[in-house]
Amino acid sequence: MLGGVIGEVTGIAPGYQGSLRWRTLELYSEGEFVINTADSSASYFYNWSQLTLGVLNGVWVGAVIQHTHVYHSDRDIQRGLLAGLSYKSADLTGYIFNPGDNARAFVVALRLSW
């Protein structure tokens, strides 16, 4: 994939998206490298990866990791757990990052398809 970035950061963003599935186990990953054309020190890498296991028809659990690496800075890695369910054309997934930590974060994702 290739995208453009306009705003506080201006540049290009080559990226990828892919998944591997074996039976009820799935590995999904997406990422991009944002290249700031005005200031290379503001360039960064971003990745979201998750490993899920289908436990029942339309129900899955797993682990998730989010990684942002700003050029010339410490890495920021968030780890967490996820659980999701599917009904007809809707998927709902809940994520908790940094469980057991004061800096934990929650994310809810709803996907509709038609």
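The values are calculated or read from the model by the stated rules, or taken from the named source; none is laboratory data. Just so you know, these numbers come straight off a predicted model, no measurement behind them. Glycine also receives a Cβ, built like all others from the backbone with ideal geometry; neighbour counts cover every protein chain displayed.
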- request: State whether the residues of segment 3-25 include one that is under 23 Å from LEU92 (Cβ atoms), free of Cβ contacts under 8 Å to residues at least 60 places away in the same chain, of a type outside the set (Asp, Glu) and touching a Lys or Arg at 6+ places or on another chain (Cβ under 9 Å).
  value: no
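Would you mind stating whether ARG111 is surrounded by fewer than 16 Cβ atoms within 10 Å (Cβ to Cβ), of a type in the set (Lys, Arg) and touching a Leu at 6+ places or on another chain (Cβ under 9 Å)?
Values: surrounded by fewer than 16 Cβ atoms within 10 Å (Cβ to Cβ): yes; of a type in the set (Lys, Arg): yes; touching a Leu at 6+ places or on another chain (Cβ under 9 Å): yes.
Judged against the criteria, ARG111 is a match.
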Per the filter on segment 26-57, residues in contact (Cβ under 8 Å) with a residue 24 or more places away in the chain, polar (S, T, N, Q) and assigned to a strand (DSSP E or B) are ASN36, GLN50, THR52
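Looking at this structure, is ARG79 surrounded by 12 or more Cβ atoms within 10 Å (Cβ to Cβ) and free of Cβ contacts under 8 Å to residues at least 24 places away in the same chain?
Values: surrounded by 12 or more Cβ atoms within 10 Å (Cβ to Cβ): yes; free of Cβ contacts under 8 Å to residues at least 24 places away in the same chain: yes.
Yes; evaluated as a whole, the condition is true for this residue.
Filter segment 97-114 for residues that are among the basic types (Lys, Arg) and at pLDDT below 90 and give the result. Break it down stepwise before answering.
We begin by selecting, within segment 97-114, every residue among the basic types (Lys, Arg); these are 104, 111.
Correct list: ARG104 only.
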For segment 98-110, pairs from a residue that is over 14 Å from GLN66 (Cα atoms) to a residue that is modelled with pLDDT of 90 or more and β-branched (Val, Ile, Thr), with Cβ under 7 Å and 6 or more apart or across chains, are ALA109/THR93
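Residue-wise test of (1) loosely packed, with under 12 Cβ neighbours inside 10 Å; (2) under 17 Å from the mean Cα position of the chain (by Cα).
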| site | (1), (2) |
| --- | --- |
| TYR16 | yes, yes |
| ARG23 | yes, no |
| VAL34 | no, yes |
| TRP48 | no, yes |
| ALA63 | no, yes |
| THR68 | no, yes |
| SER86 | no, no |
